[in-house]
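Here is the structure we will look at.
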């Protein structure tokens, strides 16, 4: 089933499907750029803020699922910690782009 999606002007082609479910969600860890699998033996303290954005974070008991137009999405996922410092947050956003 194909669903209609609205996208920003910077995205040229988006195809939305209802294929997401608990068994197909991505939970692997990666390096920036989604190109290589993250080294599981690295210490959390030794990875940069950018690298942490590509490490899967399990949901906590306080997180709720989100009901979208196509599927229900559980808590957890990939999180970028933007910090309270605007210049550092802006730099991380640029690195993520």
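Just to be sure, is residue 60 at pLDDT 80 or above and within 11 Å of the chain's Cα centre (by Cα)?
no
Could you please give the count of residues in region 44-68 that are surrounded by 13 or more Cβ atoms within 10 Å (Cβ to Cβ) and touching a helix residue (DSSP H, G or I) at 6+ places or on another chain (Cβ under 9 Å)?
5
Which numbered condition in (1) surrounded by fewer than 10 Cβ atoms within 10 Å (Cβ to Cβ); (2) at pLDDT 65 or above is the only one that residue 28 fails?
Status for residue 28: all satisfied but (1).
For region 55-72, which positions are without any contact (Cβ under 8 Å) to a residue 60 or more places away in the chain, farther than 15 Å from residue 27 by Cα and assigned to a loop (DSSP other than H, G, I, E, B)?
61, 62, 63, 64, 65, 68, 71
Taking residue 92, is it surrounded by 13 or more Cβ atoms within 10 Å (Cβ to Cβ), touching a helix residue (DSSP H, G or I) at 6+ places or on another chain (Cβ under 7 Å) and not in a loop (DSSP other than H, G, I, E, B)?
Criteria met by residue 92.
Restricted to region 69-84, and to residues that are exposed (fewer than 15 other Cβ atoms within 10 Å of the Cβ) and either touching a helix residue (DSSP H, G or I) at 6+ places or on another chain (Cβ under 9 Å) or under 16 Å from residue 48 (Cα atoms) (or both), which residue is modelled with the lowest pLDDT?
Filtering first and then ranking leaves 83.
The values are calculated or read from the model by the stated rules, or taken from the named source; none is laboratory data. This is a predicted model, so every value here is computed, not measured. Neighbour counts run over all protein chains shown; Cβ positions are idealised from the backbone, glycine included.
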